[in-house]
Amino acid sequence: MSTIGSAVRETGSSLATVFRNTSLRRLNLALAGSMIGDWAYATAVAVWAYDVGGATAVGVWGTIRLSLAAVSAPFTSALADRMSRRTLMVGCDVSRAVMVLAAAALIETDAPAITVFVIGTVTTLVSSAFRPAQLALTPSLVETPEELTAANGVASTVESLAFFLGPAMAGFLLAVADVSTVLVFDAITFAWSAALIAGVRPRRVTGAAESGLQPDREPDAGAADADAEPAPGGFLREALAGFGVIWRHPDLRLVTLVYCAQTVVAGASLVFGVAIALDLTDLGPAGLGYLDSVLGIGALLGGLLAVALASRHRLASHFGIGVVFWAIPLLLIAVWPRASMAFLAMAIIGAANPVVDVNASTILQRLAPDEVLGRVFGALESGLIATMALGSLLMPLLISSVGLRWGLVVIAVPVAAMAIAALPALRRMDARVSEPVEVTLLRGVPLFAPLARPLVEQLAGRMRQVDVAAGDVVVTEGDSGDLFYVIQSGGLDARTGDRQLSHMTTGDHFGEIALLRDVPRTATVVATEDSVLQTIQRDDFLAAMRGDQELRSRTEAVAARSLANT
C-alpha cells in the first residue's frame with residue numbers, strides 16, 4: 001500500500017508541475033484529444049475491415065499501411081527539425097480530421113472498400129509526423145530534468161486515459177450506432193487537439209545566442225537552416241540522419257532494438273485482439289472495445305508505476321522489464337483461452353506499456369542532440385512502425401497455419417527472450433542516462449538559478465574535474481585567475497594573509513571575482529581535506545554572464561560581498 005500511495009503522490013506532484021506550465025498543459029490536453037481519436041479510429045476501422053474480409057483483411061491492410069508509414073516516418077519527422085514543431089502538429093490534426101470525415105462519407109455511400117483502405121492508409125502516413133514532433137517539442141517547454149520526466153510521465157498517463165476512453169467510446173458508439181459515427185467523433189477530437197496546440201508557446205531563452213550556448217528550442221517556421229549550407233545529399237541525407245545517430249550510439253541502438261521487439265507484439269495485437277474478441281471468446285464487436293478499454297485501465301495503473309519508478313534512476317532496466325511484460329501475458333491466453341484471462345492479459349500489457357514508452361522517450365531525449373531530436377524520434381518511429389507491420393503480417397499467417405493459441409506463443413517467446421537477454425546491458429546503461437553529476441552540482445549552485453536548463457547542461461558539459469589533496473593550495477592571493485571553481489566534495493579554507501575568511505564545502509564556489517572584474521586573486525584557497533573540484537574556463541564563464549543579465553547581477557552581488565569581507 002505504501003508503494004501505491006507513493007506512486008499516487010508522485011503522480012499528483014507530476015501533474016501539478018506540468019499543469020502549472022500553460023504550454024505543457026495545452027500540449028497534454030491536445031495529446032489526449034489526438035490519442036483518443038486514434039484509438040477510437042483504430043477500433044472502428046478494425047471492426048469494419050474484419051467485416052469486409054476477416055482476419056486476413058485486417059492483417060494485410062495493417063501490414064501495408066504500417067510498412068508505408070515506416071518508410072515515410074523519417075521524411076515526415078525530418079520536418080520537425082526544419083519547421084515549427086507546433087505548426088507541424090496542427091497540420092497533422094487538421095489533415096486527419098478531414099480524412100476521417102471523408103472515410104465516413106465513403107462508408108455511408110457504400111463506396112468500394114479499396115477507397116476506404118486508401119484513405120485509412122494516408123491518414124496513417126500523416127499521423128507519423130505527430131508523435132516525433134510532440135516528443136521533440138516537449139524539452140523546449142520545460143526548465144529542469146525533473147520537469148521533463150514529469151512531462152513524459154503525464155503524457156504517459158494521458159495516453160493511458162486515451163487507451164481506455166478511445167476504445168470504450170468506440171465500443172459504445174458501435175453498439176448504439178455505426179462505424180461512420182465513430183469516425184465523425186474522431187474528427188472532433190482531432191479538431192480539439194489542433195486548437196489546443198495552436199496556443200502552445202515554446203520557451204525562448206533570452207541571451208542564448210550572445211552566450212554562445214545554444215539551448216534546446218522550437219525551430220521557427222521557415223527559419224531552420226535558412227543560413228546554413230545545404231548538407232551533402234540534400235533532404236534525403238538529412239531525413240535519414242536520425243538512423244545514423246541511433247546506429248552510432250550503442251545505448252540508443254540497444255534501446256531501439258528492444259523497443260522494436262515489443263512492437264512486433266503490438267502489431268500482432270491488431271489482429272489477435274480482433275480474433276480473441278470475435279472468435280476465441282465470442283465477445284463480439286463491442287467486446288474488442290472493452291478489451292482495449294481494459295488495456296487502458298491497466299495503462300492508467302502503469303502510468304502511476306512509471307512515474308514512481310522514474311525517481312529510482314533505473315530508466316533502462318525498467319524499460320527492459322516492461323518489454324518482458326508485453327510478451328509474457330500472451331502465454332496466459334494461449335494456456336487458458338477464456339475471456340477472463342484475455343482481460344487479465346490485456347490489463348498486464350496495459351500496465352507495462354507506459355513503463356516502456358516513458359522510459360524509452362526519456363532515454364532518447366537525454367542522449368540525442370536536440371538539433372536532430374525530431375529525426376531521431378522519426379527514425380525510432382519508422383522502426384517501431386516497421387516491426388508493427390511485421391507483427392501484423394505474421395499474426396494472420398500464424399493463425400491460419402498453427403492456430404491463434406500457438407500463434408500467440410510463437411510471437412511472445414522470442415520477444416521475451418530478447419528483452420531478458422538485454423537486461424544486463426540495460427542495467428549498465430542506467431548510470432549513463434541519469435543526470436550527469438556536473439549538471440546536478442551546477443544546478444545546486446544558487447548563483448546559476450537564472451540559467452535555463454539547456455544552458456546549465458551545456459555549461460556543465462564544459463566543466464573539468466580537478467582533484468586536490470589536503471594541504472594543496474588551489475589559488476594564491478595576487479595571482480591571475482582563469483578558472484571558476486565549484487566544490488563537488490571535500491572542504492577548503494579561503495584566507496587573506498593570516499586571516500581565515502571562510503570554510504567552503506560541497507556546493508560552494510569561488511574564483512568569480514578575478515574573472516568578472518579582471519583583477520588578481522583576492523584570497524588564497526587551501527584544501528583542508530582531499531577534495532574534488534569542478535572548474536569552468538574564463539571564456540565560458542564570461543559568456544554565460546554576457547548571455548544572462550540576471551546571472552551577471554547575482555554574480556556581481558556575490559563578488560561585492562566577498563570583497564567587503566576581505
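The values are calculated or read from the model by the stated rules, or taken from the named source; none is laboratory data. Here the structure is a predicted model, which is why all the values come from computation and not from measurement. Here the Cβ is made from the backbone with ideal geometry for all residues, glycine too, and neighbour counts use every protein chain on show. Note: accessible area is taken over every heavy atom of the protein model, side chains too, but ligands, DNA and RNA are not part of it. Shrake-Rupley method; radii C 1.70, N 1.55, O 1.52, S 1.80 Å.
Around SER502, which amide H atoms from residues at least 5 apart in sequence, or from another chain, sit under 5 Å from its own amide H, with H modelled in the peptide plane?
ALA494
Using each residue's phi in the range 72-79, evaluate 6.51 cos²θ - 1.76 cosθ + 1.60 at θ = phi - 60° and report the 3J(HN,Hα) Karplus result to the nearest Hz, with x for Gly and Pro.
Those phi angles translate into 7, 4, x, 7, 5, 6, 4, 4 Hz.
Given the range 16-77, report the % of alpha carbon pairs whose separation exceeds 19 Å.
Tail fraction, whole percent: 55.
With the Cα gyration tensor of the range 328-465 in hand, give its eigenvalues times 5 under a square root as the equivalent ellipsoid semi-axes, listed largest first in whole angstrom.
That gives 42, 17, 13 Å for the three semi-axes.
Report ³J(HN,Hα) in whole Hz for each residue of the range 469-484, in order, from the Karplus equation J = 6.51 cos²θ - 1.76 cosθ + 1.60 where θ = phi - 60°; Gly and Pro get x.
9, 3, x, 5, 8, 8, 9, 10, 4, x, 6, 6, x, 9, 9, 9
If r is the Cβ-Cβ distance from SER400 to THR440 and R0 is 51 Å, what FRET efficiency results, to the nearest 0.05?
It comes to 0.40.
Just to confirm a number: summing +1 for Lys and Arg and -1 for Asp and Glu over residues other than CYS92 whose beta-carbon lies under 13 angstrom from that of CYS92, what do you get?
Its environment carries a net charge of +1.
Could you look at the range 321-464 and say what percent of its accessible area is carbon and sulfur, using a 1.4 Å probe and all protein chains?
C and S fraction of accessible area: 69 percent.
Net charge around CYS260, counting only other residues with Cβ within less than 13 Å of its Cβ (Lys, Arg = +1; Asp, Glu = -1)?
Summing Lys and Arg as +1 and Asp and Glu as -1 gives 0.
I need the calculated FRET efficiency for the pair ARG499 and ARG248, taking r as the beta carbon distance and R₀ as 51 Å, to the nearest 0.05.
0.40
Work out, step by step, the length gained on full extension between THR109 and ALA198: first 0.36 nm times the residue separation, then minus their alpha carbon distance; give nm to one decimal.
Value of the extension gain: 28.7 nm.
Rounded to the nearest 10 Å², what accessible area does HIS249 show when all protein chains are kept and the probe is 1.4 Å?
Rounded to the nearest 10, that gives 50 Å².
Applying the Karplus parametrisation 6.51 cos²θ - 1.76 cosθ + 1.60 with θ = phi - 60° to the phi angles of the range 526-539, what ³J(HN,Hα) value in whole Hz is obtained for each residue in order, glycine and proline being reported as x?
Listing the rounded values in order: 10, 6, 8, 7, 4, 9, 10, 10, 10, 10, 10, 5, 3, 4 Hz.
Please work out how much accessible surface SER95 shows to a 1.4 Å probe, ignoring ligands, DNA and RNA, in Å² rounded to 10.
50
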